[in-house]
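> Could you have a look at this structure, given as structure tokens, before my questions?
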Amino acid sequence: MENEETPIEEATEESKTDGQKPVDNIIVRHVLYAMTAGAIPVPFVDIAAVTAIQLDMIKQLSDAYGQEFDKDLGKSFASSLAGATLGRLGASAIKALPGVGTWIGITSQMAMAGASTYALGHIFNSHFANKGTIFNFDADSVKKKYEEYLEKSKGLIENLKNEYKKEDQLATIEKLHKLKESGAISEEEFEQAKKSILDKIKS
């Protein structure tokens, strides 16, 4: 069962005292990665990329707190909270429609990918800061808090979209390459994602 939540600021300071990279930087960096992946105009490749990025974020947060990580549990919890099979598939499928549907799908998917990553990051940050582990995480108990973080993310997502740079897209390609090397995404998914991002940079 989820313990009483530790404030984000307090959790961040704790990570600094342990000599680890500040957890808020881990979250924001992965939000940017997820937004780039969410903008990939290839149905279902975006889903694989965003899921892998979110899983990588949870692992990095667990590492920051010195916690053991379990890939299968992490993926299950992320899917449960982010509603991968419903929300993501719906937005991704819109991209397959011709004309305006593609643009609507890309725009909504980019924001949704960033918001869900932000919410997941803060949920797991709070859990690990309270000495929780991936093995005693209770997804059902934090669903309301997850929705609250989704709402809180709106301002940040809007700011990140306005400050979005070419370097963020290139950094995402590098991150996806590492995820491909680890087996989190396939060679085909990586190549499709890379091509889409590079085409966007050139346009």
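Taken together, the values in this text are just the output of simple stated rules run on the coordinates, not laboratory data. Because the structure is a prediction, the values reported are computed rather than measured. Positions of Cβ are backbone-derived with ideal geometry, glycine not excepted, and every protein chain shown enters the neighbour counts.
> Taking other Cβ within 10 Å of each residue's Cβ, how do 144, 75, 195 sort, fewest first?
144, 195, 75
> From the backbone phi of region 109-118, what are the Karplus-calculated ³J(HN,Hα) couplings (6.51 cos²θ - 1.76 cosθ + 1.60, θ = phi - 60°) in whole Hz, Gly and Pro given as x?
5, 4, 5, 5, 4, x, 5, 5, 5, 4
> Here is a further query. Among 28-40, 180-192, what's the highest-first ranking by average C-beta atoms within 10 angstrom per residue?
Descending packing order for the listed peptides: 28-40, 180-192.
> Quick check: the distance between the Cα centres of region 137-175 and region 39-67, to the nearest angstrom?
So the two Cα centres are separated by 11 Å.
> Another question, if that's okay. Apply the Karplus parameterisation 6.51 cos²θ - 1.76 cosθ + 1.60, with θ equal to phi minus 60°, to every residue of region 193-201 and state each ³J(HN,Hα) to the nearest whole Hz, in sequence, with x for glycine and proline.
Couplings: 5, 4, 4, 5, 5, 5, 4, 5, 5 Hz.
> Let me ask another. If each residue of separation counts as 0.36 nm, what is the full-extension length gain between residue 140 and residue 154 once their alpha-carbon separation is subtracted?
The span from residue 140 to residue 154 would gain 2.7 nm if fully extended.
> Please compare each pair in 71/144; 154/194; 71/195; 145/195; 59/144; 131/152 to a cut-off of 29 Å on the Cα-Cα distance and tell me which ones are over it.
145/195, as the Cα separations exceed 29 Å there.
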